[in-house]
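Derivation of every value follows stated rules applied to the coordinates shown; laboratory data play no part. Only a predicted model underlies this, so the values are computations on that prediction, with no experimental measurement involved. Virtual Cβ from ideal backbone geometry, glycine too; neighbours counted across all protein chains shown.
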Amino acid sequence: MTIPKELQDLITVVQFQLPLEEEISQELNRLISSLNIKVDSQLFESLTRACQGLSLERIRRVLSKIIATYKTINNESIAVLLSEKKQIISQTEILEYSSVNEQIANLGGLDNLKDWLKKRKTAFSLQALNYGLPTPRGLLLIGIQGTGKSLTAKAIANDWQLPLLKLDVGKLFGGIVGESESRLRQMINVAETLSPCILWIDEIDKAFSNTDNRGDSGTSNRVLGTFISWLSEKTKPVFVIATANNIDLLPLEIIRKGRFDEIFFLDLPEQEEREEIFKIHVQNFRPNSWESFDYDKLAQSSDSFSGAEIRQSIIEGMYHAFYEKREFTTEDICMALKELIPLAHLESDQMIRLQEWASSGRIRSASSKEIYLT
């Protein structure tokens, strides 16, 4: 909001905040009672959480839409409320609402990370608030490309039933002086307004790398300073998931304890994990015949392959078999594995530095297996 200097002394700015959780609960109780609909306590809590970030008038309008569509209020109503939030996010150019259907079960391996997430799944509930438990702040996921960092962010949002907001870092920095800082404050305001939610910052190392040498008159440093201050001091339930490929580009201020609850290293999958990843992907492609493949052989033939590269090898094998007009087999995938060069071989130095950093104890491994330096 811009007020002319001549009028600043004559105008009083009054900001009307969005309804609090207690006000939303009262309004939902009033609407549900007037409609004579029975809603259990768990669904009522989910509805209250999904309505946060909406005005009372918008809540009334959405519930009217739900009643007109489903004739009742049930679990499917949550999706309608989240789609209403999507409309709010689409009005900004910085954040993108990501629709997700990934499952935690689709993540191969990563036992430590899965266990960590399982213990915090209900941390945004009313029971956790009454218990006095602070909401989790966020995660920093580090690993080379293809190890499942982005997939993890989507799976968390789906498992926790929270809206996933993806930050487009490229649109954060503007050409006009002060515009970047303004856009960052707008992003923070939207995320906090729609809380509880998950804010996904993909490849944060690209956004804030080499901040001392950009020659942008200190804009990057100011944006970074505002961002990390918000990470440390935020009180709204915004769970931040940041991913990074290269630790050398990450500013030390982000890695310092207090910004994120935990920093996880996603290493290349070991043989047992690769076997699990093969089963997950083949079962998606061939749900009726996935048991006929030799997963032990596939896992042995895919040393140093990431999860994304394993999926690509299956697709390559399918292309080869489709060209020959037959069903693809284990041998087709093995042939594709021989032709593909994993990224770990091309970026071996970076992989070794990541593994050394993880083995030093400064970062937690996402898998329960021991880290072996390649």
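Based on the Kirkwood approach, the hydrodynamic radius assigned to the chain is 23.3 Å, with every pair of different Cα atoms included. For region 234-284 versus region 25-87, the spacing of their alpha-carbon centroids is 34 Å. As a size descriptor, the averaged projected area of the C-alpha convex hull of region 313-372 was calculated at 5.6 nm². Rg ratio for region 1-145: its Cα radius of gyration over 2.2 N^0.38 Å, N being its residue count, equals 1.35. Using the Cβ-Cβ distance between I67 and E276 with R0 set to 41 Å, the FRET efficiency from 1/(1 + (r/R0)^6) comes to roughly 0.40.
In the chain, a dipole from Cβ-located charges (positive for Lys and Arg, negative for Asp and Glu) runs towards its positive end, and of T329, V100, F16 it is F16 whose Cα lies farthest in that direction. Between the exposed loop cleavage positions of the chain, defined as chymotrypsin sites (Phe, Trp or Tyr not before Pro) in a non-H, G, I, E, B DSSP state with at most 15 neighbouring beta-carbon atoms within 10 angstrom, the longest gap is 17-371. Which log10 I(q)/I(0) values does region 271-340 give at q = 0.28, 0.29 Å⁻¹ under the Debye formula, counting every alpha carbon as one identical point scatterer? Evaluating at q = 0.28, 0.29 Å⁻¹ gives log10 I(q)/I(0) of -1.45, -1.54. Compared with the dominant Cα axis of the chain, that is its longest principal axis, helix 21-35 is turned about 80°. If the chain linking Y319 and I37 were pulled fully straight, counting 0.36 nm for each residue of separation and taking away their Cα-Cα distance, it would gain 96.2 nm. Using only the Cα atoms of region 98-265, each taken as one equal point scatterer with no solvent, compute I(q) by the Debye sum, divide by I(0), and report log10 of the ratio at q = 0.09, 0.16, 0.18 Å⁻¹. Log-scaled intensity ratios, in q order: -0.30, -0.96, -1.21. For region 215-353, a crude dipole built from +1 on the beta carbon of Lys and Arg and -1 on the beta carbon of Asp and Glu, taken about the Cα centre, is about 740 debye to the nearest 20.
Each of S304 and E57 was given a label point 7 Å from its Cα along the Cα-to-Cβ line. The distance between the two points is 6.2 nm. Between 0 and 90 degrees, the angle of helix 307-323 with respect to the longest Cα principal axis of the chain falls at about 60 degrees. A P(r) calculated from all alpha carbon pairs of region 21-89, with 5 Å bins opening at zero, reads 3, 18, 34, 30, 13, 2, 0 percent. Shown here for region 59-163: trypsin sites (Lys or Arg not before Pro) in loop regions (DSSP other than H, G, I, E, B) with at most 12 other Cβ atoms within 10 Å, namely K71.
Only aspartates and glutamates eight or more places from K86 in sequence, or on another chain, were considered; those with a Cα closer than 13 Å are E96. Convex hull volume of the Cα atoms of region 133-195, normalised per residue: 125 Å³.
Over all pairs of different C-alpha atoms in region 215-350, the reciprocal of the mean inverse distance, the Kirkwood hydrodynamic radius, equals 18.2 Å. Taking 7 Å steps out from each Cα toward its Cβ at R362 and D294 produces label points 4.4 nm apart. Across region 218-287 the C-alpha pair distances fall into 10 Å bins from zero in the proportions 15, 34, 23, 19, 10, 0 percent.
Quick check for me: using +1 on Lys/Arg Cβ and -1 on Asp/Glu Cβ, what's the dipole size of the chain about its Cα centre, in debye to the nearest 20?
Roughly 1300 debye, rounded to the nearest 20.
For region 98-265, the Cβ-based charge dipole about the Cα centre amounts to some 380 debye (Lys, Arg positive; Asp, Glu negative; other atoms uncharged).
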